[in-house]
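Report on the following structure.
The values are calculated or read from the model by the stated rules, or taken from the named source; none is laboratory data. Since the model is a prediction, treat every value here as computed from it, not as a measurement. Here the Cβ positions follow ideal geometry from the backbone for every residue, glycine too, while neighbour counts run over all protein chains shown.
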2 protein chains.
Amino acid sequence: MSAPEGFLAAGTTAGLKASGKPDLALIVAPEGAVCAGTFTTSVVRAACVDLCAERLQSAGGRARAVLTNSGQANACTGDRGLIDSLRATQAVADLLGLAAEEVLICSTGVIGVPIPMDTLIGGLDPLVESLSSEGGQAAATAILTTDLVDKQIALEAELGGRRVRIGGIAKGSGMIHPDMATMLGYLSCDAGVPADLWQAMVRRAVQRSFNAITVDGDTSTNDCYLAFAAGEPLGPEHFEALELGLTAVSQHLAKAIARDGEGATCLIEVQVEGATSEAEAISIARTICGSSLVKCAIHGCDPNWGRIVAAAGRAGVAFDPEAVALWLGGFQLMQGGEPLAFDRAGASSYLRGRQAGAYLQDDTVAIRLAVGDGPGRGRAWGCDLSDRYIRINADYTT
Amino acid sequence: MSAPEGFLAAGTTAGLKASGKPDLALIVAPEGAVCAGTFTTSVVRAACVDLCAERLQSAGGRARAVLTNSGQANACTGDRGLIDSLRATQAVADLLGLAAEEVLICSTGVIGVPIPMDTLIGGLDPLVESLSSEGGQAAATAILTTDLVDKQIALEAELGGRRVRIGGIAKGSGMIHPDMATMLGYLSCDAGVPADLWQAMVRRAVQRSFNAITVDGDTSTNDCYLAFAAGEPLGPEHFEALELGLTAVSQHLAKAIARDGEGATCLIEVQVEGATSEAEAISIARTICGSSLVKCAIHGCDPNWGRIVAAAGRAGVAFDPEAVALWLGGFQLMQGGEPLAFDRAGASSYLRGRQAGAYLQDDTVAIRLAVGDGPGRGRAWGCDLSDRYIRINADYTT
């Protein structure tokens with residue numbers, strides 16, 4: 001996150017979490033930074049999300065810093081939620097010499113629980129003091145709640161004779177502790193881009209990454225992705241390359257979240273092609289990723305093509321069922337809308353092999369579905385559904 | 001199903017199921033019967049569903065009989081699917097002295113497997129011979145696949161000085177055997193109603209029953225609900241009462257399906273009030289019923305209000321989060337959008353009590369959510385999500 005030129009980050013322990021793990025993170029962008037935000041579409045959203053959205057809108061897509069507290073989601077906390085968010089950002093602004101309007105805040109943790117404000121405020125001095133260009137790792141750790149691993153990435157490219165870097169961190173979607181708000185993501189880039197163009201690029205990247213993953217179908221109250229860009233203006237001829245990098249970073253983080261889904265033993269990647277549009281392809285792919293029956297079948301190493309095509313059929317997208325072709329890894333299961341004879345034991349063994357894969361190794365179950373000969377193609381990611389998911393979410397009593 | 005005057009039904013064993021259980025059912029309606037059908041919205045649907053929809057449309061909502069074969073869904077079977085459906089209905093029509101166009105067919109069972117037609121045709125003679133006004137029970141049994149119990153009901157009312165009866169049977173949604181097509185339902189009524197009015201009544205009843213249940217979010221390729229009405233025309237002053245009965249029968253059958261959901265230990269009923277419209281209220285209620293996190297929490301006896309309100313927030317319906325109030329059984333958990341202090345042990349014990357309930361006893365977890373002061377109210381039904389659901393759907397390999 002702090003790899004791009006001029007960005008600072010920090011992560012510390014203020015005492016907000018009962019576990020004693022790091023719980024406060026701060027990211028500071030260089031002067032003149034533009035910031036694009038995408039937020040949960042839930043009607044029930046935390047006060048901090050409202051504040052971020054409002055500040056970005058009234059500042060025309062500009063911001064300088066974002067504070068993250070993990071432990072309390074500050075959702076469903078009434079008027080106090082907004083009052084606490086305002087107070088926290090004012091305190092950070094004072095310490096950094098910024099206007100409060102330039103500071104954003106994201107909260108993640110238990111819904112319905114307010115932030116212990118004295119603890120948070122008390123933690124700000126050491127947090128600001130530890131800001132550095134090497135602070136990305138500490139920030140990536142401090143935003144976690146029940147995640148098993150941190151999620152970060154940095155990319156570097158040569159654009160127009162100069163080095164451009166993009167960094168990103170994210171958290172989620174453990175929800176091992178009930179009532180957790182799931183997903184947060186931050187991205188930094190050291191190239192200057194006009195605010196409206198940056199916003200459009202980020203929106204497209206999010207459609208192809210965070211909005212294409214699903215773990216359990218439950219949208220959180222605090223979902224938030226903030227992408228900062230600041231630095232020498234980049235020539236328009238490099239915008240396409242920049243967007244490719246932006247999308248790659250976003251997809252890496254999104255896939256890391258799906259892979260770390262509760263009880264998951266593998267990552268599922270569904271690629272749909274031949275649809276009318278990319279949006280329709282992603283919609284079909286995400287419906288397949290979200291099907292409990294498909295997720296269970298994959299967990300059970302069952303090459304169950306019927307469940308995959310049935311899920312595609314209910315995605316709300318029109319296609320010709322007789323044009324359907326389906327592949328699982330290297331095995332073709334359907335052609336012309338009908339099942340093919342295939343090596344069932346081999347396909348099952350392919351699925352078993354993905355589950356045995358360790359983190360970030362070859363743990364990806366690849367499903368490819370053709371639904372016609374249209375130009376639309378898109379991907380989505382999810383994970384399998386295991387007994388452990390039920391136990392994680394049923395055994396814990398708030 | 002055969003309780004209403006003039007209706008005949010039968011259920012027999014033709015040998016379509018490996019288990020040797022009953023697998024052929026026939027329902028015959030009196031001359032002049034109107035028939036309203038509602039079908040799966042899946043793009044991938046079985047040939048028999050296409051045939052039913054087309055015949056009902058070209059006959060202006062009239063039909064005389066419906067054959068059901070259980071064991072093979074006849075979905076994703078290519079041209080052969082339609083050819084077999086045509087042949088089966090022609091054979092039934094010949095035996096009953098009807099035109100083929102007056103006969104419908106529904107199939108349920110494994111996707112991608114064609115019907116063993118010789119076996120089916122060979123079973124038609126004994127099936128037709130056993131038609132009787134007492135055949136409802138046999139038909140209710142023969143349409144089952146992996147259901148644990150049959151689902152049937154008959155209601156009787158005095159309307160305009162005469163007895164009117166409504167009967168119904170349904171199957172689903174076991175899917176214990178992978179690739180099962182889930183839901184079939186049939187309704188009979190011995191009052192005459194104009195076809196277009198009947199269709200409108202049935203459509204509304206389905207919105208308030210079958211379209212308001214969810215077990216695992218996966219829409220089947222063969223879902224079908226057929227409602228027949230035949231008899232003395234009923235005066236318009238009794239239509240409202242008739243629709244109430246029609247809705248009650250449909251809701252009973254729909255709830256029976258949710259209650260028999262895979263691995264379920266209780267029925268969940270969510271009532272939403274204060275929405276802008278009934279459709280929006282049902283939409284919020286069904287989203288809550290379908291949330292894996294809510295289902296797991298209830299299975300774990302966790303009065304987890306945060307998950308309920310978070311699910312409501314992502315239903316795609318606008319409401320004021322600060323107007324939210326929530327009850328679980330007799331316990332109020334939220335008011336004015338914020339959590340209340342409540343008897344956590346008591347609420348947990350309430351949930352535990354529902355799960356202990358035997359079939360058709362007090363096994364209903366009641367959730368009531370107010371989202372404002374609008375006139376819209378509606379209900380939806382689902383079931384909890386247990387380890388057994390995963391094992392049922394992961395352990396079996398097709």
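Some points to look at:
- With respect to (1) more than 7 Å from chain A (Cβ to nearest Cβ); (2) without any contact (Cβ under 8 Å) to a residue 24 or more places away in the chain; (3) surrounded by 15 or more Cβ atoms within 10 Å (Cβ to Cβ), the lone exception for B:Gly330 is condition (3).
- Pairs linking a residue in region B:334-350 that is more than 24 Å from A:Arg45 (Cβ to Cβ) and at the interface with chain A (Cβ under 10 Å from one of its Cβ atoms) to a residue that is assigned to a loop (DSSP other than H, G, I, E, B) and among the aromatic types (Phe, Trp, Tyr), with Cβ atoms under 9 Å and 6 or more positions apart or on different chains, do not occur.
- Residue match in region B:19-38 (condition: modelled with pLDDT under 90, crowded, with 24+ Cβ neighbours inside 10 Å and among the hydroxyl-bearing types (Ser, Thr, Tyr)): no
- Subset of region A:308-360 [outside any helix (DSSP H, G or I) and basic (Lys, Arg)]: A:Arg314
- Single match in B:Ala366, B:Ala318, B:Ala310 (criterion: surrounded by fewer than 19 Cβ atoms within 10 Å (Cβ to Cβ), within 14 Å of chain A (Cβ to nearest Cβ) and of a type in the set (A, V, I, L, M)): B:Ala318
- Any chance B:Val103 is under 29 Å from B:Val193 (Cα atoms), buried (at least 16 other Cβ atoms within 10 Å of the Cβ) and among the β-branched types (Val, Ile, Thr): yes
- Among residues of region A:369-398, those that are within 9 Å of another protein chain (Cβ to nearest Cβ), under 22 Å from the mean Cα position of the chain (by Cα) and either at pLDDT 90 or above or assigned to a loop (DSSP other than H, G, I, E, B) (or both), counted: 3
- Unmet criterion (only one of (1) at positive phi; (2) at pLDDT below 90) for A:Gly336: (2)
- Qualifying residue in region A:22-40 (condition: outside any helix (DSSP H, G or I) and within 14 Å of chain B (Cβ to nearest Cβ)): yes
- Any hit, region A:262-279, residues being within 30 Å of B:Gly290 (Cα to Cα), surrounded by fewer than 21 Cβ atoms within 10 Å (Cβ to Cβ), out of contact with any Asp or Glu (no Cβ under 8 Å at 6 or more places or on another chain) and within 13 Å of chain B (Cβ to nearest Cβ): yes
- Region B:184-195 residues that are assigned to a strand (DSSP E or B), paired with ones that are among the aromatic types (Phe, Trp, Tyr) and modelled with pLDDT of 90 or more (beta carbon under 6 Å, 6 or more apart): B:Ser188/B:Phe7; B:Ser188/B:Phe228
- Hits in region B:3-13 (condition: surrounded by 21 or more Cβ atoms within 10 Å (Cβ to Cβ) and under 17 Å from B:Val128 (Cβ atoms)): B:Phe7, B:Leu8, B:Ala9, B:Ala10, B:Gly11, B:Thr12
Table: residues versus (1) hydrophobic (A, V, I, L, M, F, W, C); (2) farther than 20 Å from A:Gly290 by Cβ; (3) modelled with pLDDT of 90 or more.
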position: A:Val193; (1), (2), (3): yes, yes, yes
position: A:Asp196; (1), (2), (3): no, yes, yes
position: A:Gln199; (1), (2), (3): no, yes, yes
position: A:Phe210; (1), (2), (3): yes, no, no
position: A:Leu244; (1), (2), (3): yes, yes, yes
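- For region A:199-254, taking the residues that are assigned to a helix (DSSP H, G or I) and of a type in the set (D, E, K, R), the one that is nearest to the other protein chains (Cβ to nearest Cβ) is identified as A:Arg203.
- Selected residue [within 20 Å of B:Asn222 (Cα to Cα), assigned to a helix (DSSP H, G or I) and of a type in the set (Val, Ile, Thr)] from B:Ile121, B:Ile83, B:Ile105, B:Ile115: B:Ile83
- Failed item, numbered, when B:Asp50 is tested on (1) without any contact (Cβ under 8 Å) to a residue 60 or more places away in the chain; (2) closer than 20 Å to B:Leu187 by Cβ; (3) within 14 Å of another protein chain (Cβ to nearest Cβ); (4) not hydrophobic (A, V, I, L, M, F, W, C): (2)
- Qualifying residue in region A:57-65 (condition: in the same structural domain as A:Cys224 (by TED's automatic domain parsing), in contact with a Phe, Trp or Tyr (Cβ under 8 Å, 6 or more places away or on another chain) and not acidic (Asp, Glu)): yes
- Residues satisfying the stated conditions in region B:272-289, i.e. acidic (Asp, Glu) and out of contact with any helix residue (DSSP H, G or I) (no Cβ under 8 Å at 6 or more places or on another chain): B:Glu278, B:Glu280
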